[in-house]
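Some notes on the structure that comes next.
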Amino acid sequence: MNLETIVSLCKRRGFIFPGSEIYGGLANSWDYGPLGHLLKQNIKAAWWKFFVQEREDMVPLDTAIIMNPKVWQASGHIENFSDPLVECKKCHHRFRVDHLLEAKAAEPGYAKEKPREVADIPCPDCGGPLTDPKQFNLMFKTFIGSTEDDASVAYLRPETAAGMFVNFKNIQQTTRRRLPFGIAQIGKNFRNEITPGNFIFRTREFEIGEFEYFIKPDEWEKHFELWLAEIKRWWKDIMQVNMDHLVWHEIPDGERAHYSKRTVDIEYQYPFGVKELHGIAYRTDFDLSRHEKMSGEDLHYTDPETGEKFLPHVIEPTFGIDRMLLVSLLEAYHEEDVAATAAGGVPPEGGKDGKTETRIVMKFPKHLAPIKVAVLPLSKKEELSSVAKGIAVDLRKHFSVDYDETQSIGKRYRRQDEIGTPYCVTVDFDSLEDKKVTVRERDSMKQERIAISELKGYLFGQFQS
Ligand code: GAP
């Protein structure tokens, strides 16, 4: 599948728009439209329910985006959060060295044993020579207050993790948690990426959902395996992706961040190649020990049973919310030939004269679908629309509902398919007599007559099953 197909559907139907579009846009910035916002909310709510709400060992947190700059000294971001960058001497385009080397290694006929030297690579855009690599720090700088001097420099956070580490003591003391327990948050992050791109895959502002799971040092292997199993359950049962599209990449020694003893990147087969979706890392006591040193605060934990004092170790599962949303769009997209089928008082699904036609249908898991139910009166006549509007008002108390009375019912079904609405409720002239409506299910396109008085209960049942 082509990424452009998804980008264009997202724009056409109001999932995702190019950022600042009326001003010509801002490269690689994107705005979530009405449906994209709902989809993102649903993904975040499902993530929160699965990893936080349903567990007894997790506590929530919501920390500031701008933190004391010492936080980033302690975490190593000021010193190390940089990518090697080269610039073309001719066209002045900039590239990340690791991306150039990755692209080179993927070229047909490229011998793996060849030295991977950026000096051997010309500019991919104009063929010009590239400069020597320079380190480029990815943090967005800003100033606190009205003076723009070194003393007022601050940074937009590049990850949510630091907020969890600096609040470890506050949380442990106020909640009186015993190990193991986790602190979770979802929030916006900012990275001045050298080469953003591939739609919402790599942007300069994005959301992360992550948690720091604090454990006894000698239990890390057990907890790492438990979290890997939970992550698999998340993708299979909640996000309902085709598990063959995921790659579980064990990062070998020498390629992991220096503080990590084990990292697994969960990768996905995107239309632009197999790339990182999210990850899980065992970070030892690196973060707490650095923050303890920098802040001078004692961040040790005292085991209530043994009295032993130690710095907890940490397993960190981290999830890019925007990448999960991209994956949900890619997994949901289907094109299907539809044959004419008639049911109840509702016209056939297929094209005219019984011909087949192609429908685009976003088969989101029902709990993630942005709109849950569409209410569609067969005609705009007041006698039908008043009944249909009453049903919509009632359903809106429980579900996100779309009401649509324009164009043919076939076209309206296609519009709902294209945004992934699981149920369409059609009110026809028979409804006035038998007080029933036709409920049409998105994937099977099966239609059922349901009493209006039982509709809400019927839909609740469908979303629970
Ligand atoms: N605390 C660990 C941490 O921040 P990371 O791998 O740097 O780890 C977490 O980032 C996740 O955020 C990634 O696995 C990815 O899903 C997402 N992510 C990272 N950079 C991104 C970007 N520029 N645009 C969109 N998502 C990004």
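The values are calculated or read from the model by the stated rules, or taken from the named source; none is laboratory data. Just so it is clear, the structure is predicted and the values come from calculations on it, not from any experiment. A quick note on method: Cβ atoms are made from the backbone with ideal geometry, for glycine too, and the neighbour counts reach across all protein chains shown. The accessibility values were calculated without ligands, DNA or RNA, using every heavy atom of the protein model including side chains. Shrake-Rupley method; radii C 1.70, N 1.55, O 1.52, S 1.80 Å.
For the stretch 1-103, please list each of the strands (runs of 3 or more DSSP E) lying entirely inside it that holds at least 3 residues being open to solvent by less than 60 Å² (accessible area, probe 1.4 Å) and in contact (Cβ under 8 Å) with a residue 40 or more places away in the chain.
On the way: elements: 16-18, 30-32, 58-60, 82-87, 94-96.
So the answer is 82-87.
What are the residues in the stretch 253-274 that are surrounded by 16 or more Cβ atoms within 10 Å (Cβ to Cβ) and hydrophobic (A, V, I, L, M, F, W, C), if any?
Those that are surrounded by 16 or more Cβ atoms within 10 Å (Cβ to Cβ) and hydrophobic (A, V, I, L, M, F, W, C): Val264, Ile266.
Which of the following residues is at pLDDT 95 or above, of a type outside the set (A, V, I, L, M, F, W, C) and in a helix (DSSP H, G or I): Arg283, Arg323? Lay out the reasoning, then the answer.
Numbers: Arg283 fails: in a helix (DSSP H, G or I).
Only one candidate qualifies: Arg323.
Tell me, which residue of the stretch 432-445 that is in contact (Cβ under 8 Å) with a residue 60 or more places away in the chain and over 17 Å from Val401 (Cβ atoms) is most open to solvent (accessible area, probe 1.4 Å)? Break it down into steps so the answer makes sense when it comes.
We begin by selecting, within the stretch 432-445, every residue in contact (Cβ under 8 Å) with a residue 60 or more places away in the chain; these are 438, 440, 442-443, 445.
Checking the rest, the ones that are also over 17 Å from Val401 (Cβ atoms) come to 443, 445.
Numbers: Asp443: 56, Met445: 38 Å².
Only one residue fits best here, namely Asp443.
Answer with yes or no whether Glu454 is open to solvent by 10 Å² or more (accessible area, probe 1.4 Å), assigned to a helix (DSSP H, G or I), at pLDDT 95 or above and not basic (Lys, Arg). Steps first, answer last, please.
Details: open to solvent by 10 Å² or more (accessible area, probe 1.4 Å): yes; assigned to a helix (DSSP H, G or I): yes; at pLDDT 95 or above: yes; not basic (Lys, Arg): yes.
Yes; evaluated as a whole, the condition is true for this residue.
With the condition kept exactly as written, say whether any residue in the stretch 214-232 is of a type in the set (Asp, Glu), within 19 Å of Ser328 (Cβ to Cβ) and more than 15 Å from the chain's Cα centre (by Cα). Working first, answer last.
Residues of the stretch 214-232 of a type in the set (Asp, Glu): 218-219, 221, 225, 230.
Of the ones still in play, those that are also within 19 Å of Ser328 (Cβ to Cβ) are 230.
Cutting the leftovers down to more than 15 Å from the chain's Cα centre (by Cα) gives us 230.
Yes, some residue in the stretch 214-232 is of a type in the set (Asp, Glu), within 19 Å of Ser328 (Cβ to Cβ) and more than 15 Å from the chain's Cα centre (by Cα).
Could you tell me whether the stretch 179-202 includes any residue that is of a type outside the set (Phe, Trp, Tyr), away from the ligand (no atom under 16 Å from the Cβ) and out of contact with any strand residue (DSSP E or B) (no Cβ under 6 Å at 6 or more places or on another chain)?
Keep residues of the stretch 179-202 that are of a type outside the set (Phe, Trp, Tyr), which gives 179-180, 182-189, 191-198, 200, 202.
With away from the ligand (no atom under 16 Å from the Cβ) added as a condition, the list becomes 179-180.
From the residues that got through so far, the ones that are out of contact with any strand residue (DSSP E or B) (no Cβ under 6 Å at 6 or more places or on another chain) too are none.
There is no residue in the stretch 179-202 that is of a type outside the set (Phe, Trp, Tyr), away from the ligand (no atom under 16 Å from the Cβ) and out of contact with any strand residue (DSSP E or B) (no Cβ under 6 Å at 6 or more places or on another chain).
Please give the strands (runs of 3 or more DSSP E) falling wholly within the stretch 161-252 in which 2 or more residues are open to solvent by 20 Å² or more (accessible area, probe 1.4 Å) and farther than 21 Å from Pro60 by Cα. Write out each step before concluding.
Values: elements: 181-190, 205-215, 246-250.
Result: 246-250.
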